[in-house]
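Accompanying notes for the structure given below.
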Protein chains: 2
Amino acid sequence: MPRFFSDHPPIDGELRITGDDAWHIARSLRLRLNDRLTVCCNRVDYSCTILSISDSEIRLRAESSSMSKEPSLRLTLYAALPKKDKLELVIMKATELGAERIVPVLTEFCALRLTGEQFAKKKQRLERIAYEAAKQSGRGIIPQISDIISLDEAVSEMRSMDLGIMLYEKGGVSLGSLGLAPGEEKSVGLLVGPEGGFSEREARLCQENGIKTVWLGPRILRCETAPIAAISILLFLNNDM
Amino acid sequence: MPRFFSDHPPIDGELRITGDDAWHIARSLRLRLNDRLTVCCNRVDYSCTILSISDSEIRLRAESSSMSKEPSLRLTLYAALPKKDKLELVIMKATELGAERIVPVLTEFCALRLTGEQFAKKKQRLERIAYEAAKQSGRGIIPQISDIISLDEAVSEMRSMDLGIMLYEKGGVSLGSLGLAPGEEKSVGLLVGPEGGFSEREARLCQENGIKTVWLGPRILRCETAPIAAISILLFLNNDM
């Protein structure tokens, strides 16, 4: 069934979809009165039928609701800014797999150094990618894309989480040794470096702040592959994949 | 250290690199006499020094050798032909992660239907992608890219393997229930569908032939994401990631 997101829960059993999504429903999908679709609002899926339809607004009746199938692991991906458009791939795949938030981080060896203003221009496109991937994969939320932060800020955020993980190509423990149990509700921060990896100073900073250094094995994964592999394994360990 | 592949093991302690790779070493990397590089030949890494260098041929002395870090799981990915250039992404990522062979499969719901001749034109590019990804990720082999085969042929190949797995969005067991143990040497065939998934007839054919139906959880992964996630989890279970 087609799936859309709404910021607002039903009022008196009714929901509205406006903007691009309304146009998409009316023109691309060519849905009609009484056709059904799912509207997801903050981790709840509403099964709806169409009450009225125009290019700019769809009114819907919520017939039933159920909890969205969100992972019990609340995963924030801290991704050091990669080159070219690799962040787009990372956001798309992390969204499909189940990440809750994606935070670009500026680290020492980032080759791409965007100012806040330059990133602001890109951000709308990145949010659109997260939105489309969330819709297509059946997520219960649209992962939030944050502004770029420094490694110090990322480390400070991760300190307040249940588990902080840093992927480090120079060695560390296995993801299997972090004590993740099936179905457990935990907040996890996953930090992944840029093409050039982390400096020793950065690795030390993380370790001194209780972030676990994890090694993904003897092959060298690209900086866009490592988070996809790690998120897959983390959600598998959480019994959600 | 720069890494290259050779089809031929050292003769009297000497190796040669010719063609594009020689040009790359001489012109792009600008290596010189006595510089060091690694040449990998059939799962053995030779640590070499340069004896002579020209744009067309590099002669090397193999100083020492060690086994390449290849997974003990020998994994063949049977990937139903996806749309656009997604097979390129799948080959790149499967190579980095550790697949041994990648076989495009024509299934009922493949939207892209290439003839053998059309695929032959693409194949050289796909092999180049596998080669570059193998070099960059430190593989001990270059994964073989096969010609397109039918699902019947894929099923017949998988019957002769230790374990056959089909990712099926309509349900199945978890990858964790397949009895994969750390470090075990097994041949595994992993079958992944196209955008439209598998037909019920195809799923039944696989099940009747002892192929395990695996479900990757409640979110719907794109056909290029599912194999990346599944290979990551399989190699993690094998203690190789």
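The values are calculated or read from the model by the stated rules, or taken from the named source; none is laboratory data. Treat the numbers as computed from the prediction; the structure is a model and nothing was measured. Counting neighbours? That spans all protein chains shown, and the Cβs are built from the backbone with ideal geometry, glycine included. Note: areas computed on protein heavy atoms with side chains; ligands, DNA, RNA excluded. Shrake-Rupley method; radii C 1.70, N 1.55, O 1.52, S 1.80 Å.
Can you tally the net charge around B:F109? Count Lys and Arg as +1, Asp and Glu as -1, for every other residue whose Cβ sits under 10 Å from the Cβ of B:F109.
The answer is -3.
Give the long-range amide H neighbours of B:V44: residues separated by 5 or more places, or on another chain, with amide H under 5 Å away, using H modelled in the peptide plane at 1.01 Å from N.
B:S68
Determine ³J(HN,Hα), in whole Hz, for all residues of segment A:177-187 in sequence, where each value follows from phi through the Karplus function 6.51 cos²θ - 1.76 cosθ + 1.60 and θ = phi - 60°; x replaces Gly and Pro.
Per-residue couplings from phi come out as 9, 8, x, 7, 10, x, x, 5, 8, 9, 8 Hz.
Given Cβ point charges of +1 (Lys, Arg) and -1 (Asp, Glu) and nothing else, what value in debye, to the nearest 20, does the dipole of segment A:129-183 about its Cα centre take?
Taking the Cα centre of segment A:129-183 as origin, the dipole is about 240 debye.
Over all alpha-carbon pairs in segment A:3-67, figure out the percentage whose distance exceeds 19 Å. Numbers along the way, then the final one.
Details: 399 of 2080 pairs.
Value for segment A:3-67 (Cα pairs over 19 Å): 19 percent.
Once each part is reduced to its C-alpha centroid, what is the distance from segment A:104-137 to segment B:168-234 in angstrom?
Spelled out, the Cα-based centre of one part sits 32 Å from the other.
List the residues whose amide H sits under 5 Å from the amide H of B:M166, counting only those 5 or more places along or on another chain, with H placed 1.01 Å from N in the peptide plane.
Placed amide hydrogens put B:L191, B:K212, B:T213, B:V214 under 5 Å from B:M166.
Would you look at the GNM of chain B, springs on alpha carbons closer than 10 Å, and say which of B:I141, B:I228, B:I91 moves the most?
Looking only at B:I141, B:I228, B:I91, the largest GNM fluctuation is found for B:I228.
Remind me, relative contact order of segment A:4-77 in percent, using alpha carbon pairs under 8 angstrom and six or more residues apart? Let's see the in-between values first.
Details: 132 pairs, mean separation 23.5, N = 74.
Relative contact order of segment A:4-77: 32 percent.
When chain A is treated as a GNM, springs tying every alpha-carbon pair under 10 Å, which of A:I58, A:I11, A:I50 comes out with the largest mean-square fluctuation?
For chain A, modelled as a Gaussian network with Cα springs under 10 Å, the answer is A:I11.
Quick one: if the Förster radius is 45 Å, what FRET efficiency do B:E57 and A:S72 give, using the C-beta to C-beta distance and rounding to 0.05?
0.20
With a/c under 1.5 counting as rounded, go ahead and sort chain B into rounded, prolate or oblate using the C-alpha gyration tensor (a ≥ b ≥ c being the square roots of the eigenvalues; past the cut-off, prolate if a/b is larger than b/c, else oblate).
Judged from the Cα gyration tensor, chain B comes out prolate (a/c at least 1.5, a/b above b/c).
Set Lys and Arg Cβ to +1 and Asp and Glu Cβ to -1, take the dipole of segment B:1-103 about its Cα centre, and tell me which of B:A22, B:V39, B:P2 lies farthest positive.
Farthest towards the positive end: B:P2.
Average projected area of the Cα convex hull of segment B:1-141, in nm²? Write out the running numbers ahead of the final one.
Numbers: hull surface 37.9 nm².
If you wrap the Cα atoms of segment B:1-141 in a convex hull and average its projections, you get 9.5 nm².
Which shape class applies to the protein assembly as shown: rounded if a/c is under 1.5, otherwise prolate when a/b exceeds b/c and oblate if not, where a ≥ b ≥ c are the square roots of the Cα gyration tensor eigenvalues? Kindly include the intermediate steps, with their values, before the conclusion.
On the way: a/c = 1.88, a/b = 1.44, b/c = 1.30.
Here the protein assembly as shown falls in the prolate category.
Just give the residues from segment B:209-241 buried by at least 50 square angstrom of accessible area in the all-chains context relative to the isolated chain, probe 1.4 Å, and say none if nothing qualifies.
Buried on complex formation: B:P218, B:R219, B:I220, B:R222, B:T225, B:I233, B:F236, B:M241.
Gaussian network model of chain B, Cα springs within a sub-10 Å range: biggest mean-square fluctuation belongs to which of B:L126, B:L175, B:L51?
B:L51
What are the residues whose amide H is under 5 Å from the amide H of B:G172, where those residues sit 5 or more places off or on another chain and H is modelled from the backbone?
B:W215
Counting helices only, and only those DSSP H runs with n ≥ 4, report the 222 nm mean residue ellipticity of the protein assembly as shown as the sum of -39,500 (n - 2.57) divided by its residues, in deg cm²/dmol to the nearest 500.
The per-residue figure over the protein assembly as shown is -9000 deg cm²/dmol.
With a ≥ b ≥ c the root eigenvalues of the C-alpha gyration tensor of segment B:114-241, is it rounded (a/c under 1.5), prolate (a/b larger than b/c) or oblate?
Because a/c hits 1.5 or more and a/b fails to exceed b/c, segment B:114-241 counts as oblate.
Counting only C-alpha contacts under 8 Å and six or more residues apart, can you give the relative contact order of chain A as a whole percent? Display every interim value, and only then the final one.
Working: 493 pairs, mean separation 49.0, N = 241.
Averaging sequence separation for qualifying contacts and normalising by length gives 20 percent for chain A.
Could you derive backbone 3J(HN,Hα) for segment A:79-88 from the dihedral phi with the Karplus parameters 6.51, -1.76 and 1.60 (θ = phi - 60°), listing whole Hz in sequence and x where the residue is Gly or Pro?
Taking θ as phi minus 60°, the curve returns 10, 4, 4, x, 6, 6, 9, 5, 4, 5 Hz for segment A:79-88.
So which trypsin sites (Lys or Arg not before Pro) in segment A:61-134 are both in a DSSP loop and have at most 12 other Cβ atoms within 10 Å of their Cβ? Before the final figure, lay out the partial values.
Details: sites: A:R61, A:K69, A:R74, A:K83, A:K84, A:K86, A:K93, A:R101, A:R113, A:K121, A:K122, A:K123, A:R125, A:R128; in loops: A:K69, A:K83, A:K84, A:R113.
Sparse-neighbourhood loop trypsin sites (Lys or Arg not before Pro): A:K84, A:R113.
Please turn the phi angles of segment B:206-212 into ³J(HN,Hα) values with the Karplus equation 6.51 cos²θ - 1.76 cosθ + 1.60 (θ = phi - 60°), one per residue in order, whole Hz, x for glycine and proline.
Karplus values, whole Hz, x for Gly and Pro: 5, 4, 5, 9, x, 7, 7.
So, for segment B:73-237, what is the accessible surface per residue at a probe of 1.4 Å, expressed in square angstrom?
Result: 39 Å² per residue.
Lysines near A:K123 by alpha-carbon distance under 22 Å, same-chain residues fewer than 8 away left out - which ones?
Of all the lysines, those that pass the test against A:K123 - Cα under 22 Å, at least 8 places apart if same chain - are A:K83, A:K84, A:K86, A:K93, A:K135.
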